[in-house]
Amino acid sequence: MATRQWSPGDLLELSGYFWKTGALHAAVKLDLFTVIGNGYLTSNEISRRLKATQRGVERLLNALVAMELLVKTDGKYANPSSCQTFLSKDSSKYIGHIIMHHHHLVESWSQLDQAVLSGGPVRTRSSTSKEEWRESFLMGMFNLAMGLAPQLVPLIDLSSRKHLLDLGGGPGTYAIHFCQNNPRLRATVYDLPTTRPFAEKTIKQFNLVDRIKFVDGNYITDPIEGQYDVAWLSHILHGEQPQDCRLIIQKAVDALRPQGIIIIHEFILKNSMDGPIFPALFSLNMLLGTEAGQAYSEQQLTDMLAAAGIKNIRRIPAQTPNESGLLLGEN
Ligand SMILES: C[S@@+](CC[C@H](N)C(=O)[O-])C[C@H]1O[C@@H](n2cnc3c(N)ncnc32)[C@H](O)[C@@H]1O
């Protein structure tokens, strides 16, 4: 592949991209898209509803128009239909939780140089951070999984399976989609006790209380009780060091019945560790937020599964917007 040649303009565009990020984050944090809703409002009216200054609001509104996140006609502002769908809290497709989670990461990313020097984190782990941040982390996971699950879940045939373990399942989004797609399947979401209210609320919202239960546990320090024929490990290994990943995988495998399957859903790096771009950047995000987490390569994950006695390990082809991938194996 030809080496990319960068112009000063390209470099400055990349360097200044966070201005656009900042404008989007501020608008979501102020709940601007919900305030505008399906209305057609002047900056004066929007300032009044936001209890904010006209000076600040008008500038933000005009920048958002320039970014095509709002439209302006005759001095009035409106949401494009896509922004109303994804950025208004009144929509069931609202993805503001994950945007707020990204916003909470900004401060740590501005200290990346320090993390590189020290090799250690500069922020608290999202799963144990303060309540408001944890809510946007967990419901952000819900936002992401709601987008991906309809694409990933049909790739895995669980029609003959009875009980799925969703380890570190967060709000249970994947357990929900697997149960919806496989009417005979039950699921157990295993996660930290602080995740319980989010998972229970989500499971109830999808009317699956009779088929999905939540179990409190710490997959590093606690046992995994029960017997399953599917273990689903989605985006949990990247938070842990290799020896803890092996421990978690071994516990999941030990909880599988014979002929069980284990599926890892992760941001999987090439074996050379230098791409695809999202997993490579995500590994930096784990440097910033965990003691020893990282994105792993397909070879590293395969070796971890093999060490736990898993056979017939294979990659399930999947093309996802955030470059996540699936590895499946049998015991
Ligand atoms: C990145 S989220 C992934 C959630 C979900 N699996 C998904 O893919 O949408 C990681 C999850 O692991 C949980 N978690 C982190 N450390 C844990 C531990 N030691 N024991 C159990 N769950 C843990 C977090 O609470 C969070 O729900």
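The values are calculated or read from the model by the stated rules, or taken from the named source; none is laboratory data. All values reported here derive from a predicted model rather than from experimental measurement. Please note: Cβ atoms are built from the backbone with ideal geometry, for glycine as well, and neighbour counts cover all protein chains shown.
Restricting the first member to segment 220-248 and to residues that are of a type in the set (Lys, Arg), and the second to residues that are outside any loop (DSSP other than H, G, I, E, B), the beta-carbon pairs closer than 7 Å and six or more apart or on different chains are 246/304; 246/307. Checking each residue of segment 163-186 against the condition of being under 25 Å from residue 286 (Cβ atoms) and more than 10 Å from the ligand (Cβ to nearest atom) gives at least one match. Applying the criterion of at least 3 residues that are surrounded by 14 or more Cβ atoms within 10 Å (Cβ to Cβ) and within 16 Å of the ligand (Cβ to nearest atom) to the helices (runs of 4 or more DSSP H) found wholly in segment 71-148 leaves 96-109. Selection of first residues in segment 27-55 that are in a loop (DSSP other than H, G, I, E, B) and of second residues that are crowded, with 16+ Cβ neighbours inside 10 Å and among the hydroxyl-bearing types (Ser, Thr, Tyr), restricted to Cβ pairs under 7 Å at least 6 apart or on distinct chains, gives the following pairs, ordered by first then second residue: 37/88; 53/47. Count of segment 202-249 residues, restricted to those that are more than 9 Å from the ligand (Cβ to nearest atom), in a loop (DSSP other than H, G, I, E, B) and not hydrophobic (A, V, I, L, M, F, W, C), is 8.
Remark: pairs (first residue in segment 1-14, in a helix (DSSP H, G or I); second residue modelled with pLDDT of 95 or more; Cβ separation under 9 Å; 6+ apart in sequence or on different chains) = 10/4; 14/6.
Restrict the check to segment 153-165 and report whether at least one residue is more than 21 Å from residue 258 (Cβ to Cβ) and either surrounded by 21 or more Cβ atoms within 10 Å (Cβ to Cβ) or of a type in the set (Ser, Thr, Tyr) (or both).
Just the residues of segment 153-165 that are more than 21 Å from residue 258 (Cβ to Cβ), to begin with: 153-155.
Narrowing further to those that are either surrounded by 21 or more Cβ atoms within 10 Å (Cβ to Cβ) or of a type in the set (Ser, Thr, Tyr) (or both): none.
Checking segment 153-165: not a single residue is more than 21 Å from residue 258 (Cβ to Cβ) and either surrounded by 21 or more Cβ atoms within 10 Å (Cβ to Cβ) or of a type in the set (Ser, Thr, Tyr) (or both).
Selection of segment 250-291 for residues being in a loop (DSSP other than H, G, I, E, B), surrounded by 16 or more Cβ atoms within 10 Å (Cβ to Cβ) and hydrophobic (A, V, I, L, M, F, W, C) yields 255, 267, 268.
Residues in segment 206-213 include none that are closer than 27 Å to residue 323 by Cα, surrounded by 19 or more Cβ atoms within 10 Å (Cβ to Cβ) and modelled with pLDDT of 95 or more.
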